[in-house]
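Here is the structure we will look at, set down as structure tokens.
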Amino acid sequence: MSSQWRPVEEALRAHHVRDVLVPGWVDRDGDVPEFRPQPMAVWLRLDDGLLRFESVGQYDRLASARVPAISWSDIGVLADAEDEVIVASYGEQLFGDGRSEWRCTRIRVYPGGGAECRCLALDFEGGHTLFLDPTWTFGIRLGNEAQEKCWVELYGDGACGVETTLVPGR
């Protein structure tokens, strides 16, 4: 695995994932306040700290960082929002099995040229996959194994050279 993704591997080896957090704002203009997701960045809440994933470049690759807290001050659409900005919990919606945490068992990095990453797939105990696609118009599309398969069918050349790393349990 390229050195850029080594911190992700190390964090997922040492920690369980407790949630997937997506930023957005609360639109209070209608009859019912609505959450408007703006997933230019998403966070995996670990049992200690966070992993931040961000759609970068021309929204054609994924960057990652281990961070101590959630911040969107560097994301213009959120930092400049006139509405209330919050994060929403997507973990239960994506995994839906009632667990409070998940252990990552495998990482797949879909290359974008050099050490860059076009997409990332994380497999978890219980047969769950979290697929992060930063090429979506509105930021990072979060999906599961079906979304990953769809992406590979559409952009099959991206599956060439995929880096797969097993993440042994702690």
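The values are calculated or read from the model by the stated rules, or taken from the named source; none is laboratory data. Note that the coordinates shown come from a computational prediction; the quantities given were computed from them, not determined experimentally. Note that we place each Cβ from the backbone using ideal geometry, even for glycine, and neighbour counts take in every protein chain shown. We work out accessible area using only protein heavy atoms, side chains counted, and drop any ligands, DNA or RNA first. Shrake-Rupley method; radii C 1.70, N 1.55, O 1.52, S 1.80 Å.
Assorted remarks:
- Descending semi-axes in whole angstrom, ellipsoid equivalent of the range 1-106, from the Cα gyration tensor: 26, 18, 11
- On a per residue basis, the convex hull of the C-alpha atoms belonging to the range 1-57 measures out at 89 Å³.
- Here the ratio of the Cα radius of gyration of the range 18-170 to 2.2 N^0.38 Å is 1.06.
- Accessible surface computed residue by residue for the chain, with neighbouring protein chains in place and a 1.4 Å probe, gives 50 Å² per residue.
- Split the accessible area of the chain by element, probe 1.4 Å, and carbon with sulfur accounts for 47%.
- Candidates GLY126, GLY98, GLY57: whichever shows maximal mean-square fluctuation once the chain is modelled as a Gaussian network with Cα springs under 10 Å: GLY98
- Once the convex hull of all Cα atoms in the range 64-133 is built, its volume per residue stands at 140 Å³.
- Sorted peptide list for 32-38, 99-105, 11-17, 145-151, criterion being average Cβ within 10 angstrom, highest first: 11-17, 99-105, 145-151, 32-38
- Full-extension gain in nm, ILE70 to GLU163, via 0.36 nm per residue minus C-alpha separation: 30.7 nm
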